[in-house]
Amino acid sequence: MRRKMRGLLSLGLAFVMTASMLSGCGSEAASDSGTGQEESTAEASDQAAEDSGTADGAKAGDTAAEPITIQFWNSWTGADGELLTELVDEFNETNDSGITIEMDIMPSNDMSQKLATSVGAGTAAPLLLYNTAIKFSYGKEGELMNIDGIFERTNLKKEDFDAEVLKLGEFDGTDYFIPMQASTYYFFWNKDLFEEAGLDPETPPATWDEYEEIAVKLTDPDRNIYGSGTQYNSSYIQMCGLRNYGGEMITSNGDGTFTYNLVDNEGYAKYLGIMAGLIGNGQGTMEGGGDDLFRAGQAGMLVSGPWLLTGVKESGINYGIALMPGGDAGAYNPLMGAGFTILEKAGEEEKTAACKFIEWWFMGNDKTEKTAALRWSTEIGYPAFYAPIKEEEEYKSNNDIVVMSGYGDSAVQFTPVDYPQTVAFGADVVAPLMENVCNGGDITQALKDAQAAAEAIPIN
């Protein structure tokens, strides 16, 4: 008999928590983003470039004529917010442009409500850091600045950023975000438990089929050890696994409509069978968070995000990290991320100041020992998507981050770039689907129910 899952609301809650994490634990209508400088000022600009300490010299107009203070809103309320605060303080203390960033960190829900009442009125902070999904709320209304304006005002080069990561902030053909952090999900395993079970501790499973086989060998009820700690109540993780077996869950028709591919999908059915079997046979559990189990040495394997690394190291777990297992449809690594964006209604001086901060984040200045972007990768644990960072020795010598950066061409979006209801799809379709199947429900019928739920989601 299958075990009943406890806490039926946990599926939807976990998805919301994951979405909140993405926005705190991060568009643009075309703007007049010229520098306003005439060719006659080129010589003066060159001198300013030498003084700025940036790699290629400062762009025209990048030194504020008068000191300026701009607001910066974000929801980095966790431990990573401490580093963010330190970095903003460093910028304020070391920039030579008279710019002061006044940062306001608030809970994600509070920020969402604040944005809803202030963006349209033009009273929101000029500089925002948030989940890139807000492009659907404000990008289409022309409330956010086209990031081409950032590249025109700074020495940052668009080609230095991973193209697939930039797409996270794209809506209707326009990019609205300079990514600040991005990652996919990763596979973690406990090398000591592998060795105890007679498995090669250096060889993780390449597919979910192998994952299932290894989970059986790792499970030890007498020691309260589960072979699988993968969180069945995480809609994002389950969307990854489903895609690796059955391909795209949603297809964009290119005209604002979408086709859902859930019914009669043999790949999805196979993956759901694997997940249901792990729960039903005791290799997995819904009674505790997978991350907590892994940190406690009670889970042999799981899929989670880069935020897990710090806790695992502090717990002294002998761990391995790899890209997520693949399936019959391939090995895809859906990306999630957050980024910097600038309010379109901000004044020109505010836009320039915000651009200067974003440039400093990646390039630093003549007083910078390590760029903010490098520190964010090496200290918080997110892989780099900005080419110069990947060439830093400190980055290249960090094996975990190098592994996490290896998604390459396997990187994809969770849903089509123009699909505006990813959160609703996870909460209203994927979460109930997993709950149904892992409680012993018929997989074929569960997929039919999921298809109906998906088609009921309002798009506009």
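The values are calculated or read from the model by the stated rules, or taken from the named source; none is laboratory data. Because the structure is predicted, anything quoted here is derived from the model rather than measured. When we count neighbours, we look across all protein chains shown, and the Cβ atoms used for this are built from the backbone with ideal geometry, even at glycine. The accessibility values were calculated without ligands, DNA or RNA, using every heavy atom of the protein model including side chains. Shrake-Rupley method; radii C 1.70, N 1.55, O 1.52, S 1.80 Å.
Things worth noting here:
- Verdict on T341 being within 18 Å of the chain's Cα centre (by Cα) and either among the small types (G, A, S) or open to solvent by less than 10 Å² (accessible area, probe 1.4 Å) (or both): yes
- Number of positions in the range 176-201 that are within 27 Å of the chain's Cα centre (by Cα) and farther than 17 Å from A296 by Cβ: 12
- Any chance V412 is of a type in the set (A, V, I, L, M, F, W, C), open to solvent by 10 Å² or more (accessible area, probe 1.4 Å) and not in a helix (DSSP H, G or I): yes
- Residues that are closer than 16 Å to N281 by Cα and surrounded by fewer than 23 Cβ atoms within 10 Å (Cβ to Cβ), drawn from the range 437-450: N439, G440, G441
- Hits in the range 225-253 (condition: out of contact with any Pro (no Cβ under 8 Å at 6 or more places or on another chain), at pLDDT below 90 and either of a type in the set (D, E) or open to solvent by 10 Å² or more (accessible area, probe 1.4 Å) (or both)): Q231, N233
- Applying the criterion of being in contact with a Leu (Cβ under 7 Å, 6 or more places away or on another chain) and closer than 29 Å to N261 by Cα to the residues of the range 397-409, the residue that is surrounded by the most Cβ atoms within 10 Å (Cβ to Cβ) is Y407.
- Members of the range 250-302 found to be under 25 Å from A452 (Cα atoms) and of a type in the set (V, I, T), listed by number: I250, T251, T257, T259, V263, I274
- Qualifying residue in the range 367-375 (condition: open to solvent by less than 50 Å² (accessible area, probe 1.4 Å) and of a type in the set (G, A, S)): yes
- Only residues that are polar (S, T, N, Q), within 25 Å of E164 (Cβ to Cβ) and open to solvent by 20 Å² or more (accessible area, probe 1.4 Å) were counted across the range 313-338, and they come to 0.
- The range 116-172 - residue that is part of a loop (DSSP other than H, G, I, E, B) and among the hydroxyl-bearing types (S, T, Y) and, of those, least open to solvent (accessible area, probe 1.4 Å): T154
- Filter result for D409 (at pLDDT 90 or above and in contact with a helix residue (DSSP H, G or I) (Cβ under 9 Å, 6 or more places away or on another chain)): no
- Scanning the range 375-396 for residues that are within 15 Å of L156 (Cβ to Cβ) and of a type outside the set (S, T, Y) gives A384, F385, A387, P388, I389.
- Some residue of the range 274-282 being surrounded by 21 or more Cβ atoms within 10 Å (Cβ to Cβ), out of contact with any Gly (no Cβ under 8 Å at 6 or more places or on another chain) and part of a loop (DSSP other than H, G, I, E, B): no
- When restricted to residues that are outside any strand (DSSP E or B) and either buried (at least 20 other Cβ atoms within 10 Å of the Cβ) or modelled with pLDDT under 90 (or both), the range 98-112 contains 4.
- The combined condition, being open to solvent by less than 10 Å² (accessible area, probe 1.4 Å), under 18 Å from P432 (Cα atoms) and over 21 Å from the mean Cα position of the chain (by Cα), is not fulfilled by Y260.
- Residue within the range 191-214 that is of a type in the set (S, T, Y) and open to solvent by 30 Å² or more (accessible area, probe 1.4 Å) present: yes
- Positions within the range 297-328 being under 20 Å from the mean Cα position of the chain (by Cα) and either at positive phi or not in a helix (DSSP H, G or I) (or both), in sequence order: L302, V303, S304, G305, P306, W307, I321, A322, L323, M324, P325, G326
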